[in-house]
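A short reminder: the numbers here are calculations on the coordinates, not readings from a lab. All figures in this text were calculated on a predicted structure; none of them were measured in a lab. Using ideal geometry, Cβ is built from the backbone for each residue, glycine included, and neighbour counts are taken over all protein chains shown.
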Amino acid sequence: MAAVQHEPLNTNRAGKNHRQKNDPGTIFHFWLQRDSQRTKLYYAEHDMHYTGESARDLPSDLQLAADIVFTQLEDRLPEYLMVNYFRPDIIREPRLSRGAADYHPRAGIRLGAEAKLWAMVHEFAHHVTECAVQGKHACHGVEFRRTLLLCAEALWGSGYETDQLRSGYRKYNLKY
Ligand SMILES: [Zn+2]
């Protein structure tokens, strides 16, 4: 996440089909703090990239797959459908290493050629966090970790992924 905007978020768009990349008026209200717990977070969620439902490959029709997952998350997390929320853009980015993914407030979610379902959920949690949090926070800080856990619960209930993520947080002493 490279860009830091200092103007308040002011989209006033409740519609889900807002196009992130094509809109120069999408402005996020956040100040990034040092992302000191990123490595620990990556350790905590390591298994989800390799085991269970979350390690599933994404189909070639990425947009369709994303729409299904995002709808499921939006339906189960109604508190996220606040005024600032809109559905993020998502693209395949061949320049990323294959399993990698990232999120940028203007570009949306970008996935490498072989990014798994978990990578998409992780980046979606970044989008929701950036929409929701007003004020100083770290990219992988407590707000993000809480959101990611809620996303896991929304998709997999109290199953493997949720359980593993929560124990990963505890193991690496990450508040959520
Ligand atoms: Zn991240």
### Query
Can you find even one residue in the stretch 72-82 that is within 16 Å of the ligand (Cβ to nearest atom) and polar (S, T, N, Q)?
no
### Residue tally, condition among the hydrophobic types (A, V, I, L, M, F, W, C), away from the ligand (no atom under 11 Å from the Cβ) and in contact with a strand residue (DSSP E or B) (Cβ under 7 Å, 6 or more places away or on another chain), over the stretch 111-127
4
## Note on the structure
Per the filter on the stretch 119-176, residues touching a residue at least 40 places away in the same chain (Cβ under 8 Å) and among the basic types (Lys, Arg) are Lys136, Arg145, Lys171
### Task
Give me a count of the residues in the stretch 54-78 that are surrounded by 14 or more Cβ atoms within 10 Å (Cβ to Cβ) and either in contact with a helix residue (DSSP H, G or I) (Cβ under 9 Å, 6 or more places away or on another chain) or aromatic (Phe, Trp, Tyr) (or both).
12
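Going by what's in this entry, would Arg87 be described as away from the ligand (no atom under 16 Å from the Cβ), surrounded by 17 or more Cβ atoms within 10 Å (Cβ to Cβ) and of a type outside the set (Gly, Ala, Ser)?
Yes; evaluated as a whole, the condition is true for this residue.
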### Task
Name every residue in the stretch 109-151 that is of a type in the set (A, V, I, L, M, F, W, C), under 10 Å from the mean Cα position of the chain (by Cα) and more than 20 Å from Ser167 (Cβ to Cβ), in order of residue number.
Ile109, Ala119, Met120, Phe124, Val128
### Message
I'm trying to understand the selection: among the residues of the stretch 134-151, which are away from the ligand (no atom under 14 Å from the Cβ) and not in a helix (DSSP H, G or I)?
### Response
Gln134, Gly135, Lys136
### Summary
Filtering the stretch 130-176 down to residues that are within 20 Å of Ile68 (Cα to Cα) and β-branched (Val, Ile, Thr) yields Thr147, Thr162
### Task
Only residues that are of a type in the set (Val, Ile, Thr) and either without any contact (Cβ under 8 Å) to a residue 24 or more places away in the chain or in a loop (DSSP other than H, G, I, E, B) (or both): list them for the stretch 78-108, please.
Val83
